[in-house]
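The values are calculated or read from the model by the stated rules, or taken from the named source; none is laboratory data. What you are looking at is a predicted structure, and each value in this text was computed from that prediction instead of being measured. Cβ sites come from the backbone with ideal geometry, for glycine too, and all protein chains shown count toward neighbours.
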């Protein structure tokens, strides 16, 4: 399998990247870690004429804290996230999720920004971004803007990014330790057949639950969240709330899992994730 | 030479001599070859399961820079002949599969055109420029529907989807029917053996080069069977056999998928001749999944006649084998192996098997690891559990009472075979001991009390190996070998059993070094080049060590006899006075070693009268019987009641392959085989949809076992020599896969037994188990276990005896 | 375009098409055929090499992405005629049969031990998730990595 030919650019600054994207318009695709785009190109499912490789744009990498928010550069790899002691302390959902993605090799190369912007319906980062109420910091020809995670994943493999825009960073609030990511894998690919990210905000007495792998886009399980509002997280209440995990979702169905089974996994994994998160204090 | 006798190499867990080059990345696989001027082939393949080709436009591809040629059926089929099928199947309707699709494609992946270009990237690009118009035709995917009247046809010209009908029985069908009539019970079960994809990690590939001056063809190919390719290729491309050299450099796994002659080998050979340049083709993984053979794919309806006391009387099977769209080398033979082993290790009085081979619009099935015997062992061992359950008997006791004891060997089976040797009871007893059986049952009882789904499974198995006596094989079942003591006194061993990962360079060197009294470093094993290894029948069917190893032993026996006369002559003693030990012939305090004798034999100035110069011998070993390795495997599993996921918590394998040449390699074969079973039982399956589209066309959709799927094994062995070869060895390449599939399946079904689930077909995916638990779904034809039986303990801690004296290593 | 990659401590510069995969750069431009292509879809790991000490799948990287980087392949694990402790352990433990997956397997295992010098067997198994072997059934591969860890 060989990709179609393309021109390759490797800007060293975001400004340069944006100007390349502006110049090449629809012909250009942004290359991050490449673990989604390169296989698609080899299968000729994607044939961009121009690749803009962001790997040397230093300002897109790294983890920092600014104005009470954790800022993760879009080009930060899964492996860097997995091994960050800063994140382990400040936003442990990220360090819990990262090692569950792919394998060592994929984590070394794949990036959080690439995963979010690719918006595979079975990817692991989108539900995490949703559960954390992340903000996507986007750079474009007319400057920067923020997109709430809730409005970012618009359809299967579609995001709110506009042509010429680049996902620059992901901003999240620090959380306590009461978080969990529970995933059932599609056995062959390692993607999520059903992944559930949970953040329990004890101060606000609120639970955030997001699910990937079972529908065209990841989504917040708002019925579960509402069912848990205002009361203690007893096993009974969690179990009851989890029953509506997949309610209303347009379920995916394929040889790896029927709609029935995915809906069932959603219930199980939502319950397990909330139980696990709430046990972490 | 050492003064003290050396511990024999045979029997030692020696690390392999072939490994350093593999470990350093300096071994040569086919794709690593770099011949000057090589052209690269890329195929255009059908995206349709069945369609008429109405137009092929190659102009754009031909015009692309770097493209040397684009070839379609009319360009090459005349010169490339028909893909050979060597299976001895009378009345086989053969659609005469040729190199490229001629007017009609009949499976997804069917080659339509081949592009030849100066580099591989250009070839791939140009293949995409070949424009083919297809007119879809009705598709056949369900083999049972395919044999009903009015079904669309895979090959309209044949007028039927039935490729062959084959039956075997104990002889007297009246006796069979009498046994069924007299039985207390007849227990029936339908089972589906799913289609599997072999997936050697190295895809197939070949490089063909034609020497115009010599008019000789060299084909480097990733195959298990260079010698068979050399024998069969002339029938396809017209180059005489003695002008063809087949070379298998390193071969990156086969598992039966490279036990074939494929169109690409013929096409590359033909095009190398035609284009006056080497032609190389390396299979893509998608091609490997869609156009390299698949395995299994049988649907069986099984009936067992049994007495209430548990005595097995007779077994019947009606099997539909979905063989795909055309026969590859051994396609029709695979279900016949199932028939041969249908009675497993049990004293059935009669059997009958009727097989209908059915064409569907899929890739061909053929020999995948175990080839027909895993199907047999799976069905017979699942039936053993189902029957024992229905009779409310301990499945172990049930197996014991129906299997022969060690004094029953050679054991004549209802299938007409003579099992060479065995002690099934000893293997069973040892497996139970290693599994800490009583503790395991306690664990299960506790787990069940806690509401967990915990199951134990047992399978005894026997398999047929060392294929085989020529009278029972399609094209000769012998093996060839050659041993030469070089001038220097070092030995060169040449085998026709070409390995693809099994380690013959080591195990055969162990055999030869011991018998020649040489240090193992002084023995080199050559293979895989038909100009060096002149003849052979290659490696499949767990045959290499038994047959190839024995051929080497025969060569050495000849050399020793010859050398004895030379040594006697030089030492001026009678041949009978000489002793041979530690590589030296001695008498009267004088001795000569190979370093003395070999030069004498080649210089040939002082040799006995009539002595032929040189020290070389070759042999064909023709076995008088197959070998029948056996064993008992035990597994324990725990199932997540909520998700249906299975975890194997214990695995014990006791295998008896006779004396072990190298226990390290034996363990590797067993462990590798069990991994294939873990895949088959828990998740692997090749899926075509109703339109014949291959859904499992990449490894992103076909799950293979990974390291974390594998339990910690407890391996043991017993040693029951085979009387049919001088080393008493039996073969072990497929044992793991044959023994493990029913074991794990039985364990899962035991875990589900309390829920009333009688049988589920493989693979036992989490979803399938979840559906069985929560939705009460069984597979077609499966009854539920009666409520009253569900709490039966099934297994007991009753002593099963120790059987024969414990031998072998744990 | 020109790419300069330090491969096994040697700086190599070639003019390549941007779409050239790193694995083909290594195999066809550098003559290092120890790195194998298995699945082409980033599942099997036969093509694993290290870039800057990190295991990556070279069939899912364009060579241009490795421009200026330092690549280690199986051929560079040890000096000529010697074996790296991981190679020695695979040999001793019979961690290979056909050998096709082995280079990639070892390149991942070397990083695994660099990150986790004393892994449990379970950690080894999970660490090798991105490397498929169809011959050995993995047990002896895990034995080998455990042995290599002990040899350090």
Identity of the residue in the stretch B:156-185, closer than 23 Å to residue B:326 by Cα, in a loop (DSSP other than H, G, I, E, B) and out of contact with any strand residue (DSSP E or B) (no Cβ under 6 Å at 6 or more places or on another chain), that ends up farthest from the other protein chains (Cβ to nearest Cβ): B:159
Failed condition for residue B:18, given (1) in contact (Cβ under 8 Å) with a residue 60 or more places away in the chain; (2) more than 11 Å from chain C (Cβ to nearest Cβ): (2)
Among (1) under 16 Å from residue B:76 (Cβ atoms); (2) in contact with a helix residue (DSSP H, G or I) (Cβ under 9 Å, 6 or more places away or on another chain) - the single one residue B:296 does not satisfy: (1)
Members of the stretch C:94-132 found to be in contact (Cβ under 8 Å) with a residue 12 or more places away in the chain, away from chain A (no Cβ under 14 Å) and not in a helix (DSSP H, G or I), listed by number: C:94, C:95, C:96, C:97, C:98, C:100, C:117, C:118
Residue match in the stretch A:4-19 (condition: out of contact with any strand residue (DSSP E or B) (no Cβ under 6 Å at 6 or more places or on another chain), free of Cβ contacts under 8 Å to residues at least 60 places away in the same chain and either within 10 Å of another protein chain (Cβ to nearest Cβ) or part of a strand (DSSP E or B) (or both)): yes
The stretch B:268-289, subset crowded, with 24+ Cβ neighbours inside 10 Å and in contact with a strand residue (DSSP E or B) (Cβ under 6 Å, 6 or more places away or on another chain), residue nearest to the other protein chains (Cβ to nearest Cβ): B:280
Criterion (within 10 Å of the chain's Cα centre (by Cα) and surrounded by fewer than 24 Cβ atoms within 10 Å (Cβ to Cβ)) met by exactly one of A:117, A:129: A:117
Within the stretch B:359-401, tally of residues that are closer than 20 Å to residue B:733 by Cα and assigned to a loop (DSSP other than H, G, I, E, B): 7
Criterion: in a loop (DSSP other than H, G, I, E, B) and either within 14 Å of chain A (Cβ to nearest Cβ) or in contact with a helix residue (DSSP H, G or I) (Cβ under 9 Å, 6 or more places away or on another chain) (or both) - qualifying residue of B:729, B:744: B:729
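Of all residues in the stretch A:85-107, how many are over 14 Å from the mean Cα position of the chain (by Cα) and either over 22 Å from residue C:112 (Cβ atoms) or in contact (Cβ under 8 Å) with a residue 12 or more places away in the chain (or both)?
First, pick out the residues of the stretch A:85-107 that are over 14 Å from the mean Cα position of the chain (by Cα): A:85-92, A:103-106.
Then drop every residue that is not either over 22 Å from residue C:112 (Cβ atoms) or in contact (Cβ under 8 Å) with a residue 12 or more places away in the chain (or both), which leaves A:86-87, A:89-92, A:103-104, A:106.
The number of residues fulfilling the criteria is 9.
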Filter result (assigned to a helix (DSSP H, G or I) and either closer than 25 Å to residue B:625 by Cα or out of contact with any strand residue (DSSP E or B) (no Cβ under 7 Å at 6 or more places or on another chain) (or both)) within the stretch B:513-551: B:514, B:515, B:520, B:521, B:544, B:545, B:546, B:547, B:548, B:549, B:550, B:551
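Looking only at the stretch C:61-71, count how many residues are assigned to a loop (DSSP other than H, G, I, E, B) and under 25 Å from residue B:28 (Cβ atoms). Walk me through how you get there before you give the answer.
So the first thing to find is which residues in the stretch C:61-71 are assigned to a loop (DSSP other than H, G, I, E, B), and the list is C:61, C:67-69.
Filter once more, keeping what is under 25 Å from residue B:28 (Cβ atoms): C:61.
Count: 1.
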Residues (within 16 Å of the chain's Cα centre (by Cα) and more than 14 Å from chain B (Cβ to nearest Cβ)) located in the stretch C:59-77: C:61, C:66, C:69, C:70
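Could you grab me the full set of residues in the stretch B:29-82 that are in a helix (DSSP H, G or I), more than 14 Å from chain C (Cβ to nearest Cβ) and over 22 Å from residue B:109 (Cβ atoms)?
Hits for the stretch B:29-82 are B:59, B:60, B:62, B:63, B:78, B:79.
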Conditions (1) within 14 Å of chain C (Cβ to nearest Cβ); (2) more than 19 Å from residue A:188 (Cβ to Cβ); (3) outside any loop (DSSP other than H, G, I, E, B): number failed by residue B:680: (2)
Number of the condition not met by residue C:55 [criteria: (1) more than 9 Å from every other protein chain (Cβ to nearest Cβ); (2) not in a helix (DSSP H, G or I)]: (1)
The one condition in (1) in contact with a helix residue (DSSP H, G or I) (Cβ under 9 Å, 6 or more places away or on another chain); (2) farther than 28 Å from residue B:119 by Cα that residue B:251 fails to fulfil: (2)
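Would you call residue B:12 within 14 Å of chain C (Cβ to nearest Cβ), over 30 Å from residue B:161 (Cα atoms) and surrounded by fewer than 22 Cβ atoms within 10 Å (Cβ to Cβ)?
Details: within 14 Å of chain C (Cβ to nearest Cβ): yes; over 30 Å from residue B:161 (Cα atoms): yes; surrounded by fewer than 22 Cβ atoms within 10 Å (Cβ to Cβ): yes.
Criteria met by residue B:12.
Confirm whether residue C:21 is under 19 Å from residue B:122 (Cβ atoms), in contact with a strand residue (DSSP E or B) (Cβ under 9 Å, 6 or more places away or on another chain) and within 12 Å of chain B (Cβ to nearest Cβ). Spell out how you get there, then give the answer.
Numbers: under 19 Å from residue B:122 (Cβ atoms): yes; in contact with a strand residue (DSSP E or B) (Cβ under 9 Å, 6 or more places away or on another chain): yes; within 12 Å of chain B (Cβ to nearest Cβ): yes.
It is true that residue C:21 is under 19 Å from residue B:122 (Cβ atoms), in contact with a strand residue (DSSP E or B) (Cβ under 9 Å, 6 or more places away or on another chain) and within 12 Å of chain B (Cβ to nearest Cβ).
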Yes/no for residue A:139 being under 12 Å from the mean Cα position of the chain (by Cα), at pLDDT 95 or above, outside the structural domain of residue A:19 (by TED's automatic domain parsing) and surrounded by fewer than 24 Cβ atoms within 10 Å (Cβ to Cβ): no
Sole exception among (1) within 8 Å of chain C (Cβ to nearest Cβ); (2) over 23 Å from residue C:38 (Cβ atoms); (3) touching a helix residue (DSSP H, G or I) at 6+ places or on another chain (Cβ under 8 Å) for residue B:718, by number: (1)
Some residue of the stretch A:13-21 being at pLDDT below 95 and out of contact with any helix residue (DSSP H, G or I) (no Cβ under 6 Å at 6 or more places or on another chain): no
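Do the conditions hold for residue B:638, that is, is it surrounded by fewer than 22 Cβ atoms within 10 Å (Cβ to Cβ), in a strand (DSSP E or B) and modelled with pLDDT of 95 or more? Walk me through how you get there before you give the answer.
Working: surrounded by fewer than 22 Cβ atoms within 10 Å (Cβ to Cβ): yes; in a strand (DSSP E or B): yes; modelled with pLDDT of 95 or more: yes.
For residue B:638, the condition - surrounded by fewer than 22 Cβ atoms within 10 Å (Cβ to Cβ), in a strand (DSSP E or B) and modelled with pLDDT of 95 or more - is met.
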When residues of the stretch A:247-258 are limited to those that are outside any loop (DSSP other than H, G, I, E, B) and either without any contact (Cβ under 8 Å) to a residue 12 or more places away in the chain or surrounded by 19 or more Cβ atoms within 10 Å (Cβ to Cβ) (or both), the one farthest from the other protein chains (Cβ to nearest Cβ): A:254
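Please verify whether residue A:48 is outside any helix (DSSP H, G or I) and closer than 30 Å to residue B:127 by Cα, treating the condition exactly as stated. It would help to see each step written out before you state the result.
Numbers: outside any helix (DSSP H, G or I): yes; closer than 30 Å to residue B:127 by Cα: yes.
It is true that residue A:48 is outside any helix (DSSP H, G or I) and closer than 30 Å to residue B:127 by Cα.
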Tally of residues being assigned to a loop (DSSP other than H, G, I, E, B) and crowded, with 19+ Cβ neighbours inside 10 Å across the stretch A:151-179: 6
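For the stretch B:449-472, give me the residue count where each residue is in a loop (DSSP other than H, G, I, E, B) and crowded, with 18+ Cβ neighbours inside 10 Å.
Final tally of qualifying residues: 5.
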